[in-house]
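Reviewing the structure listed below.
The values are calculated or read from the model by the stated rules, or taken from the named source; none is laboratory data. These figures come from a predicted structure and were not determined experimentally. Virtual Cβ from ideal backbone geometry, glycine too; neighbours counted across all protein chains shown.
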């Protein structure tokens, strides 16, 4: 029984693709919420969803960096990197669409900041991926 408990604790402490996948799922859910809030013209929900999408994407990116043991980038890691890059593009497009739909200057400032944050992290990251699509 004690051995099972120790192995469970070890799995919880070490980064895993499952944790990365759950975080990436949170990115997708937040983007869906952002789209819904934008079409419903709900400025509060739109801002919250935009912030949640970017925060989840940043968390997923950090998790992916921890999944790169000793610089080895195997097939599973490359697939995860491509999925992360695709979600970066989806977030950027969703933030742009939301910006066009809401003329509120304060919200536009928040959205601009979020877009710049994602772009800066994608460029400055110590582990850029060759799997990232251009744009």
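Which residue is nearest to the chain's Cα centre (by Cα), if the candidates are limited to region 74-105 and must be surrounded by fewer than 18 Cβ atoms within 10 Å (Cβ to Cβ) and assigned to a loop (DSSP other than H, G, I, E, B)? Filtering region 74-105 for residues that are surrounded by fewer than 18 Cβ atoms within 10 Å (Cβ to Cβ) and assigned to a loop (DSSP other than H, G, I, E, B), the one nearest to the chain's Cα centre (by Cα) comes out as 74.
Residues that are assigned to a helix (DSSP H, G or I), closer than 17 Å to residue 108 by Cα and out of contact with any helix residue (DSSP H, G or I) (no Cβ under 7 Å at 6 or more places or on another chain) within region 16-50 comprise 39, 44, 48, listed in sequence order. Number of residues in region 114-124 that are surrounded by 14 or more Cβ atoms within 10 Å (Cβ to Cβ) and either at pLDDT below 90 or out of contact with any helix residue (DSSP H, G or I) (no Cβ under 8 Å at 6 or more places or on another chain) (or both) equals 1.
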